[in-house]
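Structure first, commentary second.
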Amino acid sequence: MSEQVFLLPDLGEGLTEAEIVEWRVAVGDTVTVDQSVVEVETAKAVVDVPCPYAGRVVALHGAAGETRPVGQPLITIAPADGGEPAGHATYREEERAGSGNVLIGYGTGHGAAGRRRRRPRLTVAPEPAPVPDSAPAPAPAPVAAASGPAAVPGGAVALVISPIVRRLAREHGIDPATLRGTGPGGVVRRADVEAALAGPAPAPRPTPVPDRLDAAPTGGADGPTAVGRVAVPVGEEDLVVPLTGVRRVIADKLSRSRREIPEVTIWVDADATALVETRRAINAATPDEPVSLLALLARICLSGLRRFPQLNARVDTEGQRIVQSRGVHLGIAAQTDRGLVVPVLRDAHLLTTRELAAALAGTTAAARAGTLPPARLTGGTFTLNNYGVFGVDGSTPIINHPEAALLGVGRIVDKPWVVDGQLAVRKVTQLSLTFDHRVCDGGVAGGFLRHVADCVEQPALLVANV
């Protein structure tokens, strides 16, 4: 029978393409049904793609770092024994039924990947900048392979399996071949890269500077000003970071938000002393099921959206209408190694505060590990952003398109505060609300933010409203 071509499957959530991160197999390898053959990065997550055929790999369509559209050839499998590749009939049955194989994200368990022949990618050194004849020629810098096994002195091989580890090393200019892997079989782990970062930094290689200034001195009769006396080293190159994967999606989404949404930010300082004490009392009563401050803030958000549903909405520009969502699908902004993501807690309004705490903890941990499926990163109706963890007081965050509002919470710090006419030290936080002015006016937005601040200052009001 003829060879079978496996096309890049629909990865869900309207995704139309994926970038090849790493091939799990090579031409000539034998694969089994549902064996993971390639790791790809979509706009939402990094996933392993299983192949529905068993047989011998005869072609890989696309190299690591290349973007492939959905529905285009990904891998070609030939029958190992001259017959039809195994799994063909089963795959067609699943395809007709509208189902597909599971896409595996980082951290999820899966079977052994059979033979995994890894081939290093070639990196072309950039063309050096011209150097004046009078300047000594700089020593050539070593070029590190972007992925795959890295050769080290003595014929050893530096094994880098995780794309996250590889990317971390590349972003910090570390050659994996210079690291001593502490993982099984000498695999270079993330801890090895971080240990290298924590060590003493190597002395920078001196860059020759010509006996000239990049710009002629400027100024009047009093002499040249300092503006034009900046010498630019020759041969120094800028760091170029391509906008790919999640970084590109973040850029596109934020740009679209700023283009389409007439956003306004309002803010207020709130005394969070009572909220902190309430959390302490809850956790003292049930230490085995702790509740985070983020969970209490999420509960306050849900209370505010119940009173002001205009903010739990989106604008349908094509239909010229505002769509208010029946349920609250709460997005939580989370910073990860792959960039800013907003995992979504669907129907958050149906959860108790303790269930919110558990869902938030599990969701943010999975987001940072990269194990959330793409479906968990879309569909939010309102976002809560706790940027106080970065040690900042305030922000004017950009709305997560196509939502209509976002609540930001700054750090909680001790500040002087007037209580009953007396000056006292209280735990104060800044709350900011960025909203789409098309869905409501300042009265609604201000009412929501004031309700949130009142609940932060007097948690008893929250109990009375839930």
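The values are calculated or read from the model by the stated rules, or taken from the named source; none is laboratory data. Quick caveat: nothing in here was measured; it's all calculated off a predicted structure. Neighbour counts run over all protein chains shown; Cβ positions are idealised from the backbone, glycine included. Side chains included, ligands, DNA and RNA excluded: accessible areas come from the protein's heavy atoms. Shrake-Rupley method; radii C 1.70, N 1.55, O 1.52, S 1.80 Å.
Only one entry of V323, V342 meets the criterion of being of a type in the set (V, I, T), farther than 19 Å from R190 by Cβ, surrounded by fewer than 16 Cβ atoms within 10 Å (Cβ to Cβ) and touching a strand residue (DSSP E or B) at 6+ places or on another chain (Cβ under 6 Å), and that entry is V323.
For region 309-328, the criterion of being under 23 Å from R280 (Cβ atoms) and not aliphatic (A, V, I, L, M) is met by none of the residues.
Considering only residues in region 333-384 that are hydroxyl-bearing (S, T, Y) and not in a loop (DSSP other than H, G, I, E, B), the one that is farthest from Q310 (Cα to Cα) turns out to be T336. In region 445-466, the residues that are over 15 Å from L293 (Cα atoms) form Cβ pairs under 6 Å with partners that are modelled with pLDDT under 95, at six or more places apart or across chains, as follows: D454/L461. Among the residues of region 413-430, is there at least one that is open to solvent by less than 30 Å² (accessible area, probe 1.4 Å) and not β-branched (V, I, T)? Checked against the condition, which is being open to solvent by less than 30 Å² (accessible area, probe 1.4 Å) and not β-branched (V, I, T), region 413-430 yields no hits at all. Filtered by the rule that a residue be open to solvent by 60 Å² or more (accessible area, probe 1.4 Å) and among the aliphatic types (A, V, I, L, M), region 242-256 gives L243, L254.
Do you know which residues across region 399-411 are in a loop (DSSP other than H, G, I, E, B), open to solvent by less than 50 Å² (accessible area, probe 1.4 Å) and under 15 Å from R258 (Cβ atoms)? Matches in region 399-411: I399, N400, H401, A404. Report whether or not A54 is under 23 Å from D337 (Cα atoms) and small (G, A, S). Criteria not met by A54. Residues considered: G370, G331, G380. Of these, the only one that is touching a Phe, Trp or Tyr at 6+ places or on another chain (Cβ under 6 Å) and surrounded by 19 or more Cβ atoms within 10 Å (Cβ to Cβ) is G370. Kindly indicate whether any position in region 392-415 is at pLDDT below 95, among the basic types (K, R) and touching a strand residue (DSSP E or B) at 6+ places or on another chain (Cβ under 7 Å). Checking region 392-415: not a single residue is at pLDDT below 95, among the basic types (K, R) and touching a strand residue (DSSP E or B) at 6+ places or on another chain (Cβ under 7 Å).
For region 387-397, name all the residues that are open to solvent by 50 Å² or more (accessible area, probe 1.4 Å) and part of a loop (DSSP other than H, G, I, E, B). Listed by number, the residues that qualify are V392, D393, T396. The sole residue among D454, D414 that is more than 29 Å from the chain's Cα centre (by Cα) and part of a helix (DSSP H, G or I) is D454. Here T16 fulfils each of the conditions (1) modelled with pLDDT under 55; (2) open to solvent by 70 Å² or more (accessible area, probe 1.4 Å); (3) out of contact with any Ser or Thr (no Cβ under 6 Å at 6 or more places or on another chain) apart from (1). Of everything listed in (1) more than 29 Å from the chain's Cα centre (by Cα); (2) buried (at least 19 other Cβ atoms within 10 Å of the Cβ), the single unmet condition for N312 is (1).
Got at least one residue in region 270-292 being closer than 17 Å to T434 by Cα, open to solvent by less than 80 Å² (accessible area, probe 1.4 Å), part of a helix (DSSP H, G or I) and modelled with pLDDT of 95 or more? Taking every residue of region 270-292 in turn, none turns out to be closer than 17 Å to T434 by Cα, open to solvent by less than 80 Å² (accessible area, probe 1.4 Å), part of a helix (DSSP H, G or I) and modelled with pLDDT of 95 or more. Every condition in (1) open to solvent by 10 Å² or more (accessible area, probe 1.4 Å); (2) touching a residue at least 60 places away in the same chain (Cβ under 8 Å); (3) over 27 Å from R166 (Cα atoms) holds for F6 except the one numbered (1).
Residues checked against (1) outside any helix (DSSP H, G or I); (2) at pLDDT below 50; (3) out of contact with any Asp or Glu (no Cβ under 6 Å at 6 or more places or on another chain):
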| residue | (1), (2), (3) |
| --- | --- |
| V227 | no, yes, yes |
| D238 | yes, no, yes |
| V246 | no, no, yes |
| W267 | yes, no, yes |
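Here C440, C455 are screened, and the one residue that is buried (at least 23 other Cβ atoms within 10 Å of the Cβ) and of a type outside the set (K, R) is C455. Looking across region 41-87 at every residue that is touching a Lys or Arg at 6+ places or on another chain (Cβ under 8 Å) and of a type in the set (V, I, T), the one that is modelled with the highest pLDDT is identified as I77.
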